[in-house]
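The values are calculated or read from the model by the stated rules, or taken from the named source; none is laboratory data. Keep in mind that what you see is a predicted model, and the values were worked out from it rather than measured. Backbone-built Cβ (ideal geometry, glycine too); neighbour counts: all protein chains shown.
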Amino acid sequence: MKKTKTKKTYEEINERIRKGKAVVVTAEEMIDIVDKNGLKEAARTVDVVTTGTFAPMCSSGAFLNFGHTSPRIKASRVWLNDVPAYGGIAAVDCYIGATEVVEGDPLNSVHPGEFNYGGGHVIEDLVAGNVIRLRLEGYGTDCYPSRKHEKNMVIHDFRDAILFNPRNAYQNYNCAVNMSDRIIYTYMGVLRSRMANATYSTSGQLSPLFNDPYYRTIGIGTKIFLGGTQGYVAWWGTQHNPRADRCDNGVPVEGAGTIATIGNLKEMNQRWITGASILGYGVSLYVGIGIPIPILNEDMARYTSVSDDDLYAQVYDYGVDIPNGINRSLGQVSYRELRSGSITLRGKKIPAAPLSSYYRAREIAQILKEWIQKGDFILGEPQSLLPSVEM
C-alpha cells in the first residue's frame, strides 16, 4: 500500500493544542468532513480524531499494594470481599482479576439468575469509594510472622492501586449466534436456540483500533482515555493478531489487534469502570477507552474516516462450533447492519443486540475531544509502535 509523505509531526500538533488552536473532531465527525471536503483538505485542516469504546473487557484487573500489617504478614492468599486475588507477587502486593468470582458459588447455583459478584465488581467498588473487606493468610516466616489478618479498606487506604489490563479494545470481534437446540449462556450473553438472536461487542466506526488499522500512531506510551482519567498503552495486548484477514481498505474483518493498558485506579470514575454480571457465565469489567489519533498525513485522514458501512464482523456459532474449538465463520455482516438491530444470515432475519454501548463510546470520544481542546490532554508519542503487517 502506497504511503503519503508525512505532513505534520506530534510536536507540531501538540504545540497547536497548547495554544488552543488544534482542530479536534470525533471519528463520527471525521466521516462527514472527509465526505464533504476530501482527504487532502481533511488531512490539512484536522489535527486529531478522537475515538471511544465502552464494553466488557475480561482480560482486565488491578495491582494493589495494601501496606504492611503489625505484626507483618507475607500474604500468600488474599481475598477482597471474598473474591480471591493472586498473592504470589510480594508480601503485600496482589492482583485482582476482573473475571475472578466469589469463592464457593461462582455461578449462583443456589440462586440461579441472581446477581453474580466478582473481581470486576471489587474494582468498581474501589473506584466508587466503597468499603472493601480485605482478608489475608500467610504461612509465617521470621520476618513475616503473622498468619492471618483482616481489615476494612477504601481505595485511598491502599498504598498503590493500578489498573493493568493485559488485553483491551479488540480491533474487531465476533458476532455470536447459537445454532443448537437449547438456550446457552456465554460471555457474549444469552443466546437463544436456532439462531433466534445475535450479539456483538464492538463500537464500530468509533472503535479506536478500527481508526488506525495498521497501528501507525498507536504504540507503547500512547496516552489514552482510560476509565475516566488519562492512562497509557503499556504494550501490545495478549492475542494481538496483526495478520488477521483484512478488507481492501486495510480494516480487519476478524479479531485482530489488541492493547495492554495501564492507569491510576485512584483517579478513575465509576461511570467508566463498571463490574458486569453475565448470566450463567460469571463476571467481567466494563472499561471505557478512548484513543486520540493524530492526523499526520492523508493516510491517517483516510483511516479515520472509516464508517460502519466499511466494517464487517464474522458470525460464529457459539452453540456447537466455538465450544468444540471450531472457528468456522457462518458469514459476515456489516456494523451498519448490526447497529440497525437485525442481521440477515442464511436467509433468516435475526434480532441483533450489542454488549458494548455506542452511546457511551460517543460520550468518551466527545470528552477526549474537549480535554484536548482545553489543553488538558497532550498527545503522547509512542516509543515503539505495535507489531503490524504493514508500516
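Quickly run through the stretch 123-145 and pick out the residues that are more than 22 Å from the chain's Cα centre (by Cα) and within 22 Å of Gly275 (Cβ to Cβ).
Within the stretch 123-145, Gly129, Asn130, Val131, Ile132, Arg133, Leu134, Arg135 qualify.
For the structure I just gave you, tell me whether Arg216 is in a loop (DSSP other than H, G, I, E, B) and without any contact (Cβ under 8 Å) to a residue 40 or more places away in the chain.
no
Among what's in the stretch 44-59 and is among the hydrophobic types (A, V, I, L, M, F, W, C) and under 25 Å from the mean Cα position of the chain (by Cα), pick the residue that is nearest to Leu355 (Cα to Cα).
Result: Ala55.
Are there any pairs, at least 6 apart or on different chains, whose C-beta atoms fall under 6 Å, with the first in the stretch 103-128 and over 16 Å from Ile162 (Cα atoms) and the second part of a loop (DSSP other than H, G, I, E, B) and modelled with pLDDT of 75 or more, and if so, which?
Within 6 Å, the pairs are Glu103/Asp82; Asn108/Asn116; Tyr117/Val102; Gly118/Glu100.
Find the residue count for the stretch 174-185, including only residues that are in contact (Cβ under 8 Å) with a residue 12 or more places away in the chain and touching a strand residue (DSSP E or B) at 6+ places or on another chain (Cβ under 7 Å).
Result for the stretch 174-185: 7.
Sort out for me the strands (runs of 3 or more DSSP E) sitting completely within the stretch 257-299 that have 1 or more residues that are modelled with pLDDT of 95 or more, out of contact with any helix residue (DSSP H, G or I) (no Cβ under 9 Å at 6 or more places or on another chain) and crowded, with 22+ Cβ neighbours inside 10 Å.
Where strands (runs of 3 or more DSSP E) fall fully within the stretch 257-299 and carry at least 1 residues being modelled with pLDDT of 95 or more, out of contact with any helix residue (DSSP H, G or I) (no Cβ under 9 Å at 6 or more places or on another chain) and crowded, with 22+ Cβ neighbours inside 10 Å, they are 259-264, 282-290.
Being part of a loop (DSSP other than H, G, I, E, B) and hydroxyl-bearing (Ser, Thr, Tyr) is the filter here, so list the residues in the stretch 45-59 that pass it.
Correct list: Thr51, Ser59.
Looking only at the stretch 369-387, how many residues end up being in contact (Cβ under 8 Å) with a residue 24 or more places away in the chain and more than 20 Å from Glu11 (Cβ to Cβ)?
The total comes to 3.
Scan Ile343, Ile372, Ile367 and give me the residue that is over 24 Å from Thr26 (Cβ atoms) and of a type in the set (A, V, I, L, M).
Ile343
Tally time: how many residues in the stretch 219-233 are surrounded by fewer than 24 Cβ atoms within 10 Å (Cβ to Cβ) and either part of a loop (DSSP other than H, G, I, E, B) or over 13 Å from the mean Cα position of the chain (by Cα) (or both)?
Residues flagged as surrounded by fewer than 24 Cβ atoms within 10 Å (Cβ to Cβ) and either part of a loop (DSSP other than H, G, I, E, B) or over 13 Å from the mean Cα position of the chain (by Cα) (or both) within the stretch 219-233 amount to 7.
Would you mind stating whether Tyr185 is more than 15 Å from Thr51 (Cβ to Cβ), of a type outside the set (Val, Ile, Thr) and not in a loop (DSSP other than H, G, I, E, B)?
yes
Regarding Ala42, is this residue part of a loop (DSSP other than H, G, I, E, B), in the same structural domain as Gly288 (by TED's automatic domain parsing) and either farther than 30 Å from Gly237 by Cα or not aliphatic (A, V, I, L, M) (or both)?
no
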